[in-house]
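Below is one structure, written out as structure tokens; comments come after it.
The values are calculated or read from the model by the stated rules, or taken from the named source; none is laboratory data. Predicted model, so just to flag it, every value in this text is computed and none were measured. Here the Cβ is made from the backbone with ideal geometry for all residues, glycine too, and neighbour counts use every protein chain on show. Ligands, DNA and RNA are stripped out before the accessible areas are found, and what is left, the full protein with its side chains, is counted by its heavy atoms. Shrake-Rupley method; radii C 1.70, N 1.55, O 1.52, S 1.80 Å.
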Amino acid sequence: MAIRGFRTKIAFNVALLLLLSAVITDILVVLVLQGLLVRTRLEQDAHLMERVGRLVMPAVNLPSGSPDSKFSMIPEDILSRDMFPAIAVFDRERNLLYERGDQDYPLSTLEMAAGNTLQTGRASRENIGVAWAVFWWSAPAALVTVPIESGGRISGVIVAVVPLSPVYAKMRQYNKPVFYYILLNSIILTIAGLYRIFRIYLHPIDRIVRQADDYGLNDDLFITFRREDNELNRLSSALNRMLKRIAEDQQKLKENLISLEKANEELKAAQNDIVRAEKMASVGRLAAGIAHEIGNPIGIVLGYLELIRQPDLDPEELSDFTGRAEIEIQRINTIIRQLLDLARPKESKSQQTSVHAVLEDIVSVMGMQPMMSDIRIDLCLEAEQEHLWANAEQLRQVFLNLLLNAGDAITDEQHERKGNIEIKTWNEPPDTSKRSASLVIRFEDNGKGIPADQIESVFDPFYTTKAPGKGTGLGLAVSYMVIEEMGGGITVDSRPREGTRFTIMLPMGSPSTGSKDPAQKLSEDVSGVDR
């Protein structure tokens, strides 16, 4: 369809150009011919006037007869009004010897031209008026003045008005068939030119387009050309080289995609190892605190066992001691089970997760830590929509890291006021910058804070302000990585000796709205190219 439209445009423009060139050529030829015919007509009439003057002047100088009678010797058709609408003859003294005037050409005009010629001794021609000629405006008549010589000197002058309209009328008469010839020639030349253009250029281009449409990325045969296609063979060669480069680049792209997918898998594995290592470090810190916490109920159970061994116990006391020991054992079992659940590696899988349930579970575990004995943890769960499509274990890891950091900051501060950690949730409505509503989780403590010159580095891997052995420097880096992977964000705001605030924003959405893995997206793009 595009080639057909291209052919129509070429045909129209070729025909238009040929027609315009022929018309312009005809106009130029007519204008040149018009000037040539006018000049020839004026020269012929000037010679005729000179011969008439030579015949008349001797007769005029005879003493007998009137001047008009002398011109009776000239045939009427020579001095007819059609040939000379106005004519006058003057002698050397500017005496009028003969005059035949016209209302459009007064005698004064003729006399003035005669006087100029008697002074200069040269013939002259002067255009009179303006009228439409053949293709442009031109003079309808010319005033011709010819000196009459006798005996080697000027004896008089003859002045006449020569009409040029008959020349224009005759040219207009013959110009009509010329236009027919121009139209015919334009049609013939257009057909011949289009045939040559289509044969030399458009047919090869059409063939290249068909081959390009039929070409597949796995084809070995590229675009062909003929020797007679002249410059188009260069175009065909360029297209072949381009298609070859496309095929090579596609192969490289596939190889790079495979390499990228492999690197992405290795990166995910390394990421999981980092998260697991940080998780185990956090669990180790919890275990160190819980070991002390377990010591108290174990001592109580041992005491009850000693009492149970007494032979003089009555059944009521025995039942009471046994129940108390069982309660302490259940307490120990609960602590160990929570610690194992936190440390046990689980399958990394996203699902509908209750953020509030995860927060409550983490707070209950941290409440058993000795480091939290003097710290109050306030839960302000105000979010109405708190279920997310997320990985519960990863969220648990993030919240645990933030609580441990808050506890360390409060313990290191050693201020007189009681330590406090506030965990608050709420929903943010959607706006133009977010695709959906968000769940905001904020951890705020009244610890020692973070110096202003270090706050930009808190999410860097292995960066820590804790003493050696108290942290790996990966907790916040892992938390940042996990939140980013979920499509959210985490920010920090802190003032030295006033406290720190971590704010997490997670999108409320289904799994279909989650972001795609880069390697997966690139694979889909390349598959689209193959199709």
Under 5 Å from the placed amide H of TYR98, counting only residues 5+ away or on other chains, we find VAL89
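Could you give the length gained by full extension between ALA437 and LYS349, i.e. 0.36 nm per residue of separation minus their alpha carbon distance, to one decimal place?
The ALA437-LYS349 span can extend by a further 29.4 nm.
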Additional length obtainable on full extension of the chain from ASN420 to SER165, 0.36 nm per residue less Cα span = 80.2 nm
Going residue by residue through the stretch 170-178, the Karplus relation 6.51 cos²θ - 1.76 cosθ + 1.60 with θ = phi - 60° gives ³J(HN,Hα) values, rounded to whole Hz and with x marking Gly or Pro, of 5, 5, 5, 5, 8, 7, 4, x, 5
Residues in the stretch 160-178 near a label at LEU36, defined as backbone nitrogen under 16 Å from the 7 Å Cα→Cβ point?
-> 168, 171-172, 174-175
Mind checking the full-extension length gain between GLN251 and GLU306? Use 0.36 nm per residue of separation minus the Cα-Cα distance, one decimal, nm.
-> 11.9 nm
Whole-number D in µm²/s for the stretch 72-162 (Stokes-Einstein; Kirkwood sum over Cα pairs; 25 °C, 0.890 mPa s) = 178
Pull up all non-local amide H partners of ALA133: gap of 5 or more, or a different chain, and H-to-H distance under 5 Å with H placed in the peptide plane.
-> SER138
Where does each of 420-426, 381-387, 264-270, 306-312 land if you order them by average Cβ count within 10 Å, highest first?
-> 420-426, 381-387, 264-270, 306-312
Accessible-area order (highest first, 1.4 angstrom probe) of the listed residues ILE154, ILE329 = ILE329, ILE154
In what sequence, largest accessible area first, do ASP314, ASP378 appear using a 1.4 Å probe?
-> ASP314, ASP378
Which ³J(HN,Hα) values, rounded to whole Hz and listed in residue order, are derived for the stretch 125-137 from phi using the Karplus coefficients 6.51, -1.76 and 1.60 in 6.51 cos²θ - 1.76 cosθ + 1.60 with θ = phi - 60°, glycine and proline given as x?
-> 9, 9, 6, 10, x, 9, 8, 6, 9, 9, 10, 7, 6
Using the Karplus curve 6.51 cos²θ - 1.76 cosθ + 1.60 with θ = phi - 60°, work out ³J(HN,Hα) for each residue of the stretch 376-385 in order, rounded to whole Hz, and write x for Gly and Pro.
-> 9, 10, 9, 9, 10, 8, 9, 6, 7, 10
